[in-house]
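The values are calculated or read from the model by the stated rules, or taken from the named source; none is laboratory data. This one's a predicted model, so the numbers in the text were calculated from it and none came from an experiment. Cβ atoms come from the backbone with ideal geometry, glycine included; neighbour counts cover every protein chain shown.
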Amino acid sequence: MIPCWCRTFCPPPLPKSERNYFALIPILISVTKEGPTIQKTQYAILRFAKYKGPEIGPIEAHNERAKEKYASNPDIDTDRSHLNFHLIRPRRKYRAEAERQIVAAGCRTRKDSVRVVEVLVTASPEFFKGRKSAEVRAFFQEALAFIEKHQPKETILSAVVHMDEKTPHMHLSFVPLTRDGRLSAKDIVGNKKKLTWWQDKFWKHMVRKYPDLERGESASETGRTHIPPRLFKEAAHLNRQREMLLNLLGEVTPFNAKKKSTEIETLLEKYIPGVEQMRTQLKKYDGAYKQLRYEDAKLEKALDASKESVRQQLETAQRLRELEELRRTVENIPPEIMEAYQSVPKDRARGR
């Protein structure tokens, strides 16, 4: 699936959710005795997502690790799931507790009312390197203290820290009830101005104990197009399917043709529609791709070798590579896979 941020976070957003991301500038240049070196800045990261109803269940299943397998999120290492821990344990199911609190507050709801807001808290991967488990816990405890300053503690459904993915992060879910008892995610999370307020306050709170942390920049401030982490995870999944298909096609012999063709058809029914869906999703980033290519070319021609210029060039090049990686996923379908797909009867290819 939350993922989140760069591709190391979970889970990808569900179609009906409303997510607000903070984009990060990940590269700085510093000078040491050995000369210029590239260092990744350590950022304090805060992200919000709003959920209205049906999607609350899957989010809870992910956060509370209620599923046995996580095929859609390869970042999860279930052998390390025992390292996950709660700072606040859920009293009951997210949706049930949210509805209970809403009714108790005397609030009316509509079909499109936001019932749960999820906060994802983390920092750049470099921040956690070398830190002991107690230090990691202390970081998230401090982040929880910050949120409790601005949101009634009793509205928090769960605060769980995931240690079984690439970067430690906390999923904190709460019912968007204001201190005067209104159900209003808009008042709490608000618009771009409010999100910037949250980011400012969060950084100011965390930097007192962690002075190396930098403030993340919101997409509204930087003008950058954020690429959802789920696209990278979906691309990785498609690439694995492609390798499996190529291996299966190479293993076909007169003796196993029938068995292999069944396996190939089953995988094709998932792979080709997945590629088409990815292609559709990437269309919205065509403008960003062209702009990045223009900026990259412009920076390469520039004679300015200042720290800021180099940082901009490295950042632009990195984002350009990310987009090109996604585009390659959908543009380079091997011809032997297309031939195999075209030979599948239409009713099978459509999954009937």
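Yes or no: the range 153-162 includes at least one residue that is in contact with a helix residue (DSSP H, G or I) (Cβ under 6 Å, 6 or more places away or on another chain), in a loop (DSSP other than H, G, I, E, B) and at pLDDT 95 or above. It would help to see each step written out before you state the result.
Here is the first cut: in the range 153-162, the ones in contact with a helix residue (DSSP H, G or I) (Cβ under 6 Å, 6 or more places away or on another chain) are 157, 159-161.
Filter once more, so that each one left must be in a loop (DSSP other than H, G, I, E, B): none.
The answer is no; no qualifying residue exists.
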Is at least one residue of the range 221-233 surrounded by 14 or more Cβ atoms within 10 Å (Cβ to Cβ), modelled with pLDDT of 80 or more and assigned to a helix (DSSP H, G or I)? no
With respect to the numbered conditions (1) touching a strand residue (DSSP E or B) at 6+ places or on another chain (Cβ under 7 Å); (2) surrounded by fewer than 16 Cβ atoms within 10 Å (Cβ to Cβ); (3) at pLDDT 80 or above, which one is the sole condition not fulfilled by Lys194? (1)
Would you be able to tell me the number of residues in the range 110-139 that are closer than 22 Å to Ile56 by Cβ and either crowded, with 20+ Cβ neighbours inside 10 Å or not assigned by TED's automatic domain parsing to the domain that holds Met206 (or both)? 9
Selection from the range 330-339 of residues farther than 15 Å from Asp286 by Cβ and either touching an Asp or Glu at 6+ places or on another chain (Cβ under 9 Å) or surrounded by fewer than 12 Cβ atoms within 10 Å (Cβ to Cβ) (or both) yields Asn332, Pro335, Glu339
Just the residues that are part of a loop (DSSP other than H, G, I, E, B), surrounded by 15 or more Cβ atoms within 10 Å (Cβ to Cβ) and more than 21 Å from the chain's Cα centre (by Cα), please, taken from the range 168-191. Val175, Pro176, Thr178, Ser184
Within the range 298-313, take every residue that is assigned to a helix (DSSP H, G or I) and surrounded by 11 or more Cβ atoms within 10 Å (Cβ to Cβ) and give me the one that is modelled with the highest pLDDT. Lys298
